[in-house]
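Reviewing the structure listed below.
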Amino acid sequence: MSNNNTSKRPGARKPVVLMSMGAQERKGHAYQVMTHKYITPLVDISGCVPLLAPTCCGIDDLEQYLDMVDGVYLTGAGSNIDPVLYGQENKTPGKGQDRDRDDFDLPLIRAALARGLPVFAICRGMQELNVALGGNIHQKVYEVPGFNDHRENPDDPVPVQYADSHTVRAVPGSWFAELMGDDAFPVNSLHGQGLDRLGAGIEPLAHAEDGLVEAIHLPQAQAFTLGVQWHPEWLASENPHSIKIFSAFGDACRQRAAAQQ
């Protein structure tokens, strides 16, 4: 499905995609990190070059970062968005937060959209996209009447945690339904939070069986926008739906790069 063979010709320039990193503490030292599972499908399927940006140094250089890239890729993480950023008190004080990433990614999203850059967001990244545009979050989906518990079992092995958990149904007639080639398809589920009120211009592209929004886009955006609540990066090369998603994002970044030449 991927068209990245054209980007691998000798001398061909691959699109560059910004990935914002997150905070992690190790033995008393502060680290900036990014998980391999997010990087590899961007390289292997999307055919793009990742530019990893630390979020611990503020946003003074944000526009310079965006000058260098052809797309933005917002990944999941073990932290939650600070609820003060969408007008709520923190209902999950035991869960880690990463305010540096919040303060970097929210203006990053708005600036990227203003430039017409393709944006692809996974899990926390999708929630950031929503919050950046004025939406809010169910902090405990599992306590909201009518919604299922979408969390993984922390005691399960990682492959079990990332195994298919439930079905999502694409909005009929949407470009996403056409891209996926299926009205409904199975996904993994590893999140305690989910979208509540959608931000300005955001529309759903897919829902879980309980009605929770599982994919979003901005139909009026200049370029490709997609946020998904599940984790298509997990064993992406073995999942036909993941391949379609990462290929579509890579194609959008190539189109952006070509238009800037």
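The values are calculated or read from the model by the stated rules, or taken from the named source; none is laboratory data. This one's a predicted model, so the numbers in the text were calculated from it and none came from an experiment. Cβ coordinates were reconstructed from backbone atoms using ideal geometry, including for glycine residues, and neighbour counts include every protein chain displayed. For accessibility, only protein heavy atoms count, side chains too; no ligands or nucleic acids. Shrake-Rupley method; radii C 1.70, N 1.55, O 1.52, S 1.80 Å.
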* Asked: Considering region 1-19 alone, what residues qualify as being at pLDDT 95 or above and open to solvent by 10 Å² or more (accessible area, probe 1.4 Å)?
  -> Lys14, Val16
* **Which numbered condition Gly94 misses (of (1) part of a helix (DSSP H, G or I); (2) open to solvent by 70 Å² or more (accessible area, probe 1.4 Å))** => (1)
* Ile59 versus (1) in a loop (DSSP other than H, G, I, E, B); (2) of a type in the set (A, V, I, L, M, F, W, C); (3) farther than 28 Å from Arg254 by Cβ: which is the lone unmet condition? -> (3)
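Take the residues of region 117-163 that are closer than 30 Å to Gly250 by Cα and among the acidic types (Asp, Glu): which is most open to solvent (accessible area, probe 1.4 Å)?
First, pick out the residues of region 117-163 that are closer than 30 Å to Gly250 by Cα: 117-137, 150-152, 158-163.
Filter again for among the acidic types (Asp, Glu), leaving 128, 152.
Details: Glu128: 1, Glu152: 64 Å².
If we take residues in region 117-163 being closer than 30 Å to Gly250 by Cα and among the acidic types (Asp, Glu), then Glu152 is most open to solvent (accessible area, probe 1.4 Å).
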* Structure fact -> Per the list (1) buried (at least 21 other Cβ atoms within 10 Å of the Cβ); (2) within 17 Å of Met68 (Cβ to Cβ), residue check on Ala111 breaks on (1)
* For Asn80, indicate whether it is surrounded by 13 or more Cβ atoms within 10 Å (Cβ to Cβ), touching a strand residue (DSSP E or B) at 6+ places or on another chain (Cβ under 9 Å) and farther than 21 Å from Val228 by Cα. => no
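Could you pull out the residue among Gly87, Gly47, Gly22 that is of a type in the set (Gly, Ala, Ser), within 19 Å of Phe224 (Cβ to Cβ) and at pLDDT 95 or above?
Among Gly87, Gly47, Gly22, only Gly47 is of a type in the set (Gly, Ala, Ser), within 19 Å of Phe224 (Cβ to Cβ) and at pLDDT 95 or above.
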* Here is a list of conditions, (1) closer than 23 Å to Asn239 by Cβ; (2) without any contact (Cβ under 8 Å) to a residue 24 or more places away in the chain, and Gln161 meets all of them except one; can you say which number that is? -> (2)
* To do: Name every residue in region 22-49 that is touching a residue at least 40 places away in the same chain (Cβ under 8 Å) and in a loop (DSSP other than H, G, I, E, B), in order of residue number.
  => Met34, Thr35, Ile45, Ser46, Gly47, Cys48
* Considering region 220-261 alone, what residues qualify as being touching a helix residue (DSSP H, G or I) at 6+ places or on another chain (Cβ under 9 Å), part of a loop (DSSP other than H, G, I, E, B), within 19 Å of Ala114 (Cα to Cα) and at pLDDT 95 or above? -> Ala221, Ala223, Phe224
* Asked: If you check Leu218 against the conditions, is it touching a residue at least 40 places away in the same chain (Cβ under 8 Å), farther than 30 Å from Asp156 by Cβ, hydrophobic (A, V, I, L, M, F, W, C) and open to solvent by less than 30 Å² (accessible area, probe 1.4 Å)?
  -> yes
* To do: Considering each residue of region 168-200, count those that are open to solvent by 50 Å² or more (accessible area, probe 1.4 Å), more than 25 Å from Lys95 (Cα to Cα) and touching a strand residue (DSSP E or B) at 6+ places or on another chain (Cβ under 9 Å), and give that number.
  => 6
